[in-house]
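Student: Here it is, the structure in full.
What follows draws every value from the coordinates through simple rules; no lab data is involved. On a predicted model such as this, the values are computed, not experimentally measured, just so you know. For neighbour counting, all protein chains shown are included, and Cβ atoms are generated from backbone atoms with ideal geometry for every residue, glycine included.
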Amino acid sequence: MKIREIEEVKGFMPKHEGEALLNWAKIFSNIGPILEVGTYCGKSTLYLAKGAATNNQYVFTIDHHSGSEEHQLNEEYFDNEIYDYSKNRVNTFPLFIKNVNKFKANNIVPIISESSEIASEWSSNLGMVFIDGGHSIESAYNDYNSWEPKILTGGSLVIHDIFENPDEGGQAPYEIYKKALKNNYDLYERVDTIACLIKN
Ligand code: SAH
Ligand code: MG
């Protein structure tokens, strides 16, 4: 799996942030498996999987595959290629699977579900959780509250799309980032809008 090929995959993970994600995945997959909320077409998943492979670890990745608010028809990030016109819905799953196969990634476990639904059934502990799902306040808090308790001490919580300035982006990821820092997390490293927090 070549980094410069992952850069070509459709998605919302710029190179410098993707490389940080890969590095953190290498480090924290040593603690336990990785879980991602927000697969989309698998771009971040592939970075995570490349890192996790160092420790022969799995990446579980959750998405209902019907897109967030901003991916819907006529919205800002609508994309023709992932719209199923026969069913009138966004469906990112076919392109995601195509990408997994293209990269021959064998440590990715897709979970097609709403994040908090599967969380309530989930009992195994995690070395790293990456939150990159819905960006409404409700969705971000649900993801934080659902998955944070499953992270092992010494493991990490990674949050994407952190914008201190409301003019640059939605505030929900920043809100859960601040909440984690107020609780039992310390900043491990931050690269632009993505931050890795370590659990005490
Ligand atoms: N990580 C991706 C981008 C994720 S976009 C990348 O690197 O490109 C956010 C994704 O979260 C969308 O695909 C959307 O379908 C999914 N999503 C939003 N809310 C969700 C929820 N409550 N449960 C599961 N998936 C959700
Ligand atoms: Mg994102």
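Student: Which of (1) within 12 Å of ligand 1 (Cβ to nearest atom); (2) farther than 26 Å from LYS15 by Cα; (3) aliphatic (A, V, I, L, M) is the odd one out, the single condition VAL90 does not satisfy?
Tutor: It fails just one condition, (2).
Student: Which condition from (1) within 15 Å of ASP63 (Cα to Cα); (2) in contact (Cβ under 8 Å) with a residue 60 or more places away in the chain is the one that ASN125 breaks?
Tutor: Every condition holds for ASN125 apart from (1).
Student: Assuming ILE62 fulfils every condition listed in (1) more than 30 Å from PRO166 (Cβ to Cβ); (2) within 12 Å of ligand 1 (Cβ to nearest atom) apart from one, which condition is it?
Tutor: (1)
Student: Inspect all residues belonging to the range 166-173 and state whether any of them is within 22 Å of HIS16 (Cβ to Cβ), within 15 Å of the chain's Cα centre (by Cα) and surrounded by 14 or more Cβ atoms within 10 Å (Cβ to Cβ).
Tutor: yes
Student: Also, I was wondering about something else. For GLU81, indicate whether it is under 27 Å from THR193 (Cα atoms) and loosely packed, with under 14 Cβ neighbours inside 10 Å.
Tutor: When the stated conditions are applied, GLU81 passes them.
Student: Same structure, new question: Can you tell me which residues in the range 30-83 are within 20 Å of ILE118 (Cα to Cα) and aromatic (Phe, Trp, Tyr)?
Tutor: Within the range 30-83, TYR40, TYR58, PHE60 meet the criteria.
Student: Confirm whether LEU152 is touching a residue at least 40 places away in the same chain (Cβ under 8 Å) and more than 14 Å from the chain's Cα centre (by Cα).
Tutor: Against the criterion (touching a residue at least 40 places away in the same chain (Cβ under 8 Å) and more than 14 Å from the chain's Cα centre (by Cα)), LEU152 qualifies.
Student: Any residue in the range 182-200 that's within 22 Å of GLN171 (Cβ to Cβ) and of a type in the set (Val, Ile, Thr): show its pairings with residues that are part of a loop (DSSP other than H, G, I, E, B) and within 16 Å of ligand 1 (Cβ to nearest atom) at Cβ separation under 7 Å, as long as the two are six or more apart or on different chains.
Tutor: The qualifying pairs are THR193/HIS160; THR193/ASP161; THR193/ILE162; THR193/PHE163; ILE194/HIS160.
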